[in-house]
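Asks: Can you keep this structure in mind? I'll have questions shortly.
Every number here is computed from the coordinates shown, using simple stated rules; none is lab data. Source: prediction; values computed, not measured. Note: ideal-geometry Cβ built from the backbone for every residue, glycine included; neighbour counts use all protein chains shown.
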Amino acid sequence: MFKRPKQPFRDPAENTAGSNGLGALDAASTTFAELIVKRLQDERGVHAETAITAAGSIAGNCLLRATRHDLHGLTPGSAVFTEEVNEAGPKIIDVMSDACSIQGIDPRTGWNLQPPAENNSLRSGIELTRLLRSDFESMLPAYGIGQRIEPLVAAVAAIKLVKMASGTLDPEIGKAIAIRAVVAGSKTVPFPD
């Protein structure tokens, strides 16, 4: 079902993006944020909360896939818990905090907020992952992105979407939506490929 070798999550400073390093991660995250906007846009525009949920869900799904746990036979949408994901979580939060600083968003606050019900995504994370996963994987080779930093690309894209939506969505709420989507995506059995 999943054809990924089990490799530990590494810090982005370890140059896991290949020779392009963090510049490739930045460029790929911008492309992914733009791809999400394009795919989710309708005649009214893009629902910010849904776009942020999409990027966060892909980031979490990448973390789960990297564990290489056999999810065959498990019901899509059911919960799954792994120690590897729990260990990688704080690293993702660090990268998201750094991305906030770069985007001019306060990295210290908002992560633990409970988003109001009116800020729910219009689609579930698992549905958004199914919709966007192949697009995400298709764009990565152009940037030389290795599998170990795929979650970082999507996580940084989520923060870029928070910034893009800051005129209509409080960034504090946007950050809370993003981190909740990462956590949910990393603990939810996806639809099979």
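Asks: Can you sort LEU131, LEU122 by how many other beta carbons sit within 10 Å, fewest first? Please report the intermediate quantities before stating the final value.
Replies: Values: LEU131 16, LEU122 12.
Ordered from fewest to most neighbouring Cβ atoms within 10 Å, LEU131, LEU122 come out as LEU122, LEU131.
Asks: Here is a further query. In whole Hz, what ³J(HN,Hα) sequence does segment 134-142 give by Karplus (6.51, -1.76, 1.60; θ = phi - 60°), x for Gly and Pro?
Replies: Karplus values, whole Hz, x for Gly and Pro: 5, 4, 4, 5, 5, 7, 5, x, 4.
Asks: Within straight cross-link reach of LYS91, meaning Cα distance under 19 Å, which aspartates and glutamates are found once same-chain residues fewer than 8 apart are removed?
Replies: Within the straight-line cut-off, LYS91 pairs with ASP11, GLU14, ASP26, GLU83, ASP106, GLU150.
Asks: Return SER121, SER97 ranked ascending by Cβ neighbour count within 10 Å, so the fewest neighbours appear first. Show your work: numbers first, answer last.
Replies: Values: SER121 22, SER97 17.
So the residues, fewest neighbours to most, are SER97, SER121.
Asks: Among PRO90, PRO116, PRO151, whose mean-square fluctuation peaks in a Gaussian network model of the chain (Cα, cutoff 10 Å)?
Replies: Between PRO90, PRO116, PRO151, it is PRO116 that shows the largest mean-square fluctuation.
Asks: With an 8 Å Cα cut-off and a minimum separation of 6 or more residues, compute the relative contact order for segment 12-186 in percent.
Replies: Details: 231 pairs, mean separation 83.9, N = 175.
It comes to 48 percent, rounded to a whole number.
Asks: Ok, one more. Aspartates and glutamates within cross-link reach of LYS38: Cα-Cα under 12 Å, excluding same-chain residues under 8 positions apart?
Replies: LYS38 reaches ASP135.
Asks: By the gyration tensor of its Cα atoms, with a ≥ b ≥ c the square roots of the eigenvalues, what is the shape of segment 12-186: rounded for a/c under 1.5, prolate for a/b over b/c, or oblate? Numbers along the way, then the final one.
Replies: Working: a/c = 1.30, a/b = 1.11, b/c = 1.17.
Cα axes put segment 12-186 in the rounded bin.
Asks: Here's a follow-up. If the only charges are +1 at each Lys and Arg Cβ and -1 at each Asp and Glu Cβ, what is the size of the charge dipole of segment 12-186 around the Cα centre, to the nearest 20 debye?
Replies: Around 200 debye, computed over segment 12-186.
Asks: Skipping prolines and chain starts, which residues have an amide H placed within reach, meaning under 5 Å, of the one on THR188, given they are 5 or more residues away or on another chain?
Replies: So THR188 has HN proximity to VAL80.
Asks: Whole-Hz Karplus ³J(HN,Hα) for segment 152-164, in order, using 6.51 cos²θ - 1.76 cosθ + 1.60 and θ = phi - 60°, x for Gly and Pro?
Replies: Along segment 152-164, the couplings run 5, 4, 5, 5, 5, 4, 4, 5, 4, 5, 4, 5, 4 Hz.
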